[in-house]
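The values are calculated or read from the model by the stated rules, or taken from the named source; none is laboratory data. It should be emphasised that the depicted structure is a prediction, and the values quoted were computed from it without experimental measurement. Cβ placement follows ideal geometry from the backbone for every residue including glycine, while neighbour counts extend to all protein chains displayed.
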């Protein structure tokens, strides 16, 4: 098998992608994918090599992703808006041997210190980019195709950086089998099934598992069309949805909140949408109610996480207000309290088991053992309750994760960066409610004696080292941090 084969059996004339108003058919997509696969082989890349992709939601990403998978290499999607320092850490962590650069990421990659990424041999640059030592993409697209590599279901296809179920960010290993089976699991729900005549609104970032497999993976496997959108603007999005006949809109809660509260949107703006879903973080019930009241659109909530490839539950077809729905066919879910199954109506940590559950964290056996039980259950760190029908409601998180606009932020990563500042003696980071992004990052900073710090200075320091969504939007300067008897910072008290 090979996940790259999801584009093989669709009619040549069917539209696969729409980018800036220009359609790309499945026939037109397969040509450059085949050529780039051959070009990567000519560079000497082999199955198992890690190839990073730093590109926005455009054909550069899609072609590179399918070509890397088809070669049998491991795709590593990275955030094109991340600063150079963060990209450097991630490239080094996975030992990436090659990097495909999209137009949006040329500047941060130009600043890359190659000595910090010793395994990186090849930069592949988009047309017109000034990247010293890079191979032009056009050169590789002139190569002769090579056959799609046969892979086993357990072979790693993708490494995606995530905050994990505990600890600092790490790369989750998702196999060809994990990703393919989760596509099939979602497609096995009749009310949720994507059809060849569907058009996706593809604004969820493709470097995030939600965009990568729920939009791109399912869309291409179904032979549907995907409208690629690089940046969310609520007003232009409404226009695009109507203009291109979008029928499927997956999104994160801030997107739905923006539409639910934005004045001036006509009541029939979403009349052609037959399926609207929300994930990545909790959807406010008032947002869902406003979307249905204003536009007659039912937004169905689901639940998933990177380590589950990602979908675990869906409420499509049985919507109950505030519920994340029931597990997909083929996915087992337990609610566990103190090592035992929680009683009906009692809260318990969500444990997940199934062929969609990941293979572990790259190079981190300790974190893998912490996340996966010996018999294959994934401990999610999320707490839920269930009703008699098996519907689940998220009630809490046991992990110190912050979810900003659907993206995971782990406090330890932000704290480690802040502690590099010479004027900071101690710091603690927590998530606080935000009407715009669900949660926002707040830092409590203890200055070094004699140092006068300003909030803007802290923000600027983080901006050069972390992706924007990870940077604190609020900084409080304090004399000390609350600690327990063991010296651990009491984040709940700060929150």
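For the reader, a short list of remarks on this structure follows.
- Residue 80 fulfils the conditions (1) without any contact (Cβ under 8 Å) to a residue 24 or more places away in the chain; (2) assigned to a loop (DSSP other than H, G, I, E, B) except for a single criterion, (1).
- Some residue of the range 433-441 being in contact with a helix residue (DSSP H, G or I) (Cβ under 9 Å, 6 or more places away or on another chain), under 21 Å from residue 162 (Cβ atoms) and part of a loop (DSSP other than H, G, I, E, B): yes
- Some residue of the range 41-60 being assigned to a helix (DSSP H, G or I) and under 19 Å from residue 24 (Cβ atoms): yes
- Of the criteria (1) crowded, with 16+ Cβ neighbours inside 10 Å; (2) touching a helix residue (DSSP H, G or I) at 6+ places or on another chain (Cβ under 7 Å); (3) assigned to a helix (DSSP H, G or I), which one residue 92 fails: (1)
- Residues in the range 95-111 that are over 28 Å from residue 31 (Cβ atoms), surrounded by fewer than 19 Cβ atoms within 10 Å (Cβ to Cβ) and in contact (Cβ under 8 Å) with a residue 24 or more places away in the chain: 95, 111.
To keep it simple, each residue is scored yes or no on (1) over 20 Å from the mean Cα position of the chain (by Cα); (2) surrounded by 14 or more Cβ atoms within 10 Å (Cβ to Cβ).
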{"site": "88", "(1), (2)": "no, yes"}
{"site": "121", "(1), (2)": "yes, yes"}
{"site": "128", "(1), (2)": "yes, no"}
{"site": "132", "(1), (2)": "yes, no"}
{"site": "135", "(1), (2)": "yes, yes"}
{"site": "143", "(1), (2)": "yes, yes"}
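- Scan of the range 313-365 for residues that are out of contact with any helix residue (DSSP H, G or I) (no Cβ under 9 Å at 6 or more places or on another chain), crowded, with 18+ Cβ neighbours inside 10 Å and within 17 Å of residue 278 (Cβ to Cβ), ordered by number: 313, 315, 323, 324, 325, 326
- Each residue in the range 275-297 was checked for being part of a loop (DSSP other than H, G, I, E, B), at pLDDT 95 or above and either crowded, with 24+ Cβ neighbours inside 10 Å or in contact with a strand residue (DSSP E or B) (Cβ under 7 Å, 6 or more places away or on another chain) (or both), and 1 of them qualify.
- In the range 343-371, residue nearest to residue 171 (Cα to Cα) [restricted to those that are in contact with a strand residue (DSSP E or B) (Cβ under 6 Å, 6 or more places away or on another chain) and without any contact (Cβ under 8 Å) to a residue 40 or more places away in the chain]: 368
- Selection within the range 61-77 - free of Cβ contacts under 8 Å to residues at least 60 places away in the same chain and not in a helix (DSSP H, G or I): 73
- Meets criteria (touching a residue at least 40 places away in the same chain (Cβ under 8 Å) and over 21 Å from the mean Cα position of the chain (by Cα)) for residue 444: yes
- Test: residue 401 is closer than 29 Å to residue 179 by Cβ and at pLDDT below 90: yes
- Residue selection: residue 21 fails the criterion of being assigned by TED's automatic domain parsing to the domain that holds residue 124, surrounded by fewer than 21 Cβ atoms within 10 Å (Cβ to Cβ) and closer than 18 Å to residue 72 by Cβ.
- Unique match (being assigned to a helix (DSSP H, G or I) and touching a strand residue (DSSP E or B) at 6+ places or on another chain (Cβ under 9 Å)) among 469, 444: 469
- Checking each residue in the range 355-381 for being under 28 Å from residue 257 (Cβ atoms) and modelled with pLDDT of 90 or more picks out only 380.
- Residues of the range 132-165 satisfying the condition of being in a loop (DSSP other than H, G, I, E, B), without any contact (Cβ under 8 Å) to a residue 40 or more places away in the chain and under 18 Å from residue 40 (Cα atoms): 133, 134, 147
- Residue among 48, 72 that alone is crowded, with 20+ Cβ neighbours inside 10 Å, within 24 Å of residue 356 (Cβ to Cβ) and at pLDDT 95 or above: 72
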